[in-house]
Amino acid sequence: MRSPLGRVGAVICWENYMPMLRMHMYSQGINIYCAPTADDRDTWLPSMQHIALEGRCFVLTACQYITRGAYPADHESALGDDPATVMMRGGSAIISPLGKVLAGPDFSGETILYADIDLAEIARGKFDFDVTGHYGRPDIFQLHVDDRPKRTVNQLSRMEKE
């Protein structure tokens, strides 16, 4: 999607661990890579820093902060029934194209993060390393993406008749 800040793309949750999907995102020239997730582990932030550095793009990652009190009383929880129990601890962050954390991660509660971003950092970063540009090595590596619409269900007997 185009925006006043350039091209924005999004990859959801653990799809961010799929290298070929990330490569496809980078090839589209994204400036801002959005990574909403339900992963509040300590390993998430370093992964997001890697993605920012790999794609030379800003990464905005969002993870919800939610307590047991936000759920109905009959909701089963292995963590207990105390309304103050943290079910997901958040950890949203904003990361620069060179992997610097500009805001977050915040684990203290619901919050909105802000950061000033300089889109020129993307060009400066890609001058050094551009995974789908001058450093892409198309002589030996190529990724073919078929983004044509597809049916969810294909019956072979029907396809043979068509």
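Derivation of every value follows stated rules applied to the coordinates shown; laboratory data play no part. Quantities reported herein were computed from a predicted structural model and do not represent experimental measurements. Here Cβ is always computed from backbone atoms with ideal geometry, including for glycine, and neighbour counts include all displayed protein chains.
Structural remarks
- Applying both filters, DSSP loop and at most 13 other Cβ atoms within 10 Å, to the chymotrypsin sites (Phe, Trp or Tyr not before Pro) of segment 77-162 gives Y114, Y135, F141.
- A simple rule links phi to the HN-Hα coupling: the Karplus curve 6.51 cos²θ - 1.76 cosθ + 1.60 with θ = phi - 60°, which for segment 82-87 gives 5, x, 7, 4, 7, 8 Hz, with x for Gly and Pro.
- For the pair H75 and A120 in one chain, pulling the backbone fully straight at 0.36 nm per residue adds 11.4 nm over the alpha carbon distance.
- Gaussian network model of the chain, Cα within-10 Å springs - most flexible of A93, A62, A103: A103
- Comparing mean-square fluctuations of G29, G69, G109 from a GNM of the chain with C-alpha springs under 10 Å, the top value falls on G69.
- Where trypsin sites (Lys or Arg not before Pro) in DSSP loops with at most 15 other Cβ within 10 Å are excluded, longest remaining stretch of the chain: 42-99
- Percent of Cα-Cα distances greater than 19 Å, calculated over the chain: 63 percent
- The helix-only estimate of mean residue ellipticity at 222 nm for the chain, built from DSSP H runs of length n ≥ 4 each weighted as -39500 (n - 2.57), is -6500 deg cm²/dmol after division by the residue total.
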